[in-house]
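The values are calculated or read from the model by the stated rules, or taken from the named source; none is laboratory data. Quick caveat: nothing in here was measured; it's all calculated off a predicted structure. Every residue, glycine as well, gets a Cβ built from its backbone with ideal geometry; the counts of neighbours run over all protein chains shown.
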């Protein structure tokens with residue numbers, strides 16, 4: 001058994017398919033299947049069941065991965081040993097939406113990295129939630145509270161939300177921007193549903209698209225405060241503060257909770273959210 005074999009087990013567990021594990025590890029899909037078959041043969045127990053086209057881990061697989069997680073923590077600790085540098089040392093992967101990374105974290109990242117020369121930040125971003133697993137991210141910022149998971153979760157703060165509409169409605173009914181159906185429970189979507197908008201013809205989870213639409217003065221939509229400073233100053237728009245705020249949550253891998261590099265990064269992330277969470 002070697003480290004590459006263990007990485008294949010974890011990749012298949014996280015991705016659910018040989019193809020997904022192949023893309024993540026950048027090795028051929030047939031190689032993934034062949035090596036996994038050899039691993040199972042060597043161990044003498046099945047690691048995955050095929051269910052509806054997905055590879056579901058067996059209890060034997062989960063037991064193996066418990067040890068793999070501990071090994072990953074030790075590997076990360078070894079990689080952080082650099083005696084030539086003072087202060088915390090490490091590479092932290094932060095998963096978040098594009099808007100959070102660009103508008104809340106990035107403006108403060110340069111000074112943080114200057115003050116901590118031993119740290120490296122890797123931002124993993126998308127318009128939706130980046131997958132958070134032991135192998136793909138160390139910290140994650142979520143705009144919805146996860147129901148469960150093998151990580152530590154704490155509240156970062158809450159974000160004010162604004163509904164924007166053209167101040168001059170003489171040009172006709174503006175296009176309404178809404179979020180996808182899977183986001184029906186968020187305050188933004190519930191507010192829009194309550195208004196019973198009739199011209200709902202733009203659906204996206206990307207706040208930059210919504211912001212651009214609103215800037216045209218021909219659309220309405222809801223945006224978080226950190227994404228709409230310019231819109232709040234635009235006198236051609238009418239802004240309404242929503243009664244509810246959007247909670248923001250921080251997820252941290254359990255095996256990193258006491259790591260010095262992780263602790264200083266967590267403190268920095270919390271500082272980035274201080275201004276938007278004021279009363």
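Taken over region 227-245, residues that are buried (at least 19 other Cβ atoms within 10 Å of the Cβ) and either outside the structural domain of residue 202 (by TED's automatic domain parsing) or modelled with pLDDT under 95 (or both) amount to 2.
Inside region 12-56, residues that are more than 24 Å from residue 137 (Cα to Cα) and assigned to a strand (DSSP E or B) make up a count of 3. When 8, 94 are screened for being modelled with pLDDT under 90 and either touching a strand residue (DSSP E or B) at 6+ places or on another chain (Cβ under 9 Å) or over 30 Å from residue 226 (Cβ atoms) (or both), only 8 passes.
The condition of being in the same structural domain as residue 126 (by TED's automatic domain parsing), surrounded by fewer than 17 Cβ atoms within 10 Å (Cβ to Cβ) and in a helix (DSSP H, G or I) does not hold for residue 73.
Of note, residue 81 satisfies the criterion of being loosely packed, with under 11 Cβ neighbours inside 10 Å and at pLDDT below 90. Annotation: residue 145 fulfils all but one of (1) modelled with pLDDT of 85 or more; (2) under 30 Å from residue 62 (Cα atoms); the unmet one is (1).
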